[in-house]
1. Measure nothing but the geometry: give the 0 to 90° angle between the long axis through the Cα atoms of 111-126 and the longest principal axis through the Cα atoms of the chain, rounded to 10°.
2. Using modelled amide H (1.01 Å from N, peptide plane; none on Pro or chain starts), what sits under 5 Å from the amide H of SER152, excluding residues fewer than 5 places away?
3. Tell me, what does the Kirkwood hydrodynamic radius of the chain come to in angstroms if you use every pair of distinct C-alpha atoms?
4. Using only Cα atoms, find the angle between the long axis of helix 153-163 and the longest principal axis of the chain, and express it within 0 to 90 degrees, rounded to the nearest 10.
5. What accessible area per residue, rounded to a whole number of Å², is obtained for the chain using a probe radius of 1.4 Å?
6. Ordering GLU61, GLU158 by how much accessible area each has at a 1.4 Å probe, largest first, what is the list?
7. Using a 1.4 Å probe on the protein heavy atoms, what percent of the accessible area of region 1-80 belongs to carbon and sulfur?
8. Given the rule -39500 (n - 2.57) for each run of at least 4 DSSP H residues, summed and divided by the residues of the chain, what is its mean residue ellipticity at 222 nm, to the nearest 500 deg cm²/dmol?
Amino acid sequence: MTGLAPEADAALGPVRQALRAAAEKQATELRDDAGRQAAALLDAARAEAAGILAAAATEGETAARAEAALRSARARRQAHELVLAQRSSLRLELHRRVREAAAGLKSDPRYAELMARLTEQCRELLGPDASVSESPEGGVVAEAGSRRLDLSLPALAELTLDSIPGVRELWTR
């Protein structure tokens, strides 16, 4: 097979076996070393993947907390806006009703007496020469020089409403 004499071939048998055994041993060592390196790389990749997963989970939790805080703030703001809108609506309705009730005084039988008292009040505050005239909304308006006094029914209604203890706090809480 090799072209050597049979005695040479036989003499090389142990050398061949030794070379073969050394090659097999080296191949086994290389295979084992490659296996160890592959296992180490796999362990390192798993550790890196676990680190990436942990970082992603932390980032996700942080993002979720931020989103939850944003949603919570948005919900609180919307609730507050709703409360303010409702308070404003109630305040406007109360003012409207008070003005309507004040306007209804024009048909009250005591309206003439009220007009006389308002006229007297104007003259006391602005002087006897004050020009007092009836307001189209009811009540009176007086002027004396550059001074003006509005005792019209809508103005009196607003003043009365604002002077009621606790009413202003309803809108400012």
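The values are calculated or read from the model by the stated rules, or taken from the named source; none is laboratory data. In this text, all values refer to a predicted model and were calculated from it rather than measured experimentally. Note that each Cβ is placed from the backbone with ideal geometry, even for glycine, and that neighbours are counted across all protein chains shown. Just so you know, the surface numbers come from the protein's heavy atoms only, side chains and all, with ligands and any DNA or RNA stripped out. Shrake-Rupley method; radii C 1.70, N 1.55, O 1.52, S 1.80 Å.
1. Roughly 80 degrees, rounded to the nearest 10.
2. Amide H neighbours of SER152: VAL140.
3. Values: mean 1/r = 0.0380 Å⁻¹.
Its Kirkwood hydrodynamic radius stands at 26.3 Å.
4. Approximately 60 degrees, to the nearest ten.
5. Numbers: 12960 Å² over 173 residues.
Normalised by residue count, the accessible surface of the chain is 75 Å².
6. Working: GLU61 100, GLU158 50 Å².
Ranked from most to least accessible, the order is GLU61, GLU158.
7. On the way: 4200 of 6660 Å².
After summing per-atom areas, the C and S share lands at 63 percent.
8. Working: 4 runs with 131 residues, N = 173.
The helix contribution divided over the chain gives -27500 deg cm²/dmol.
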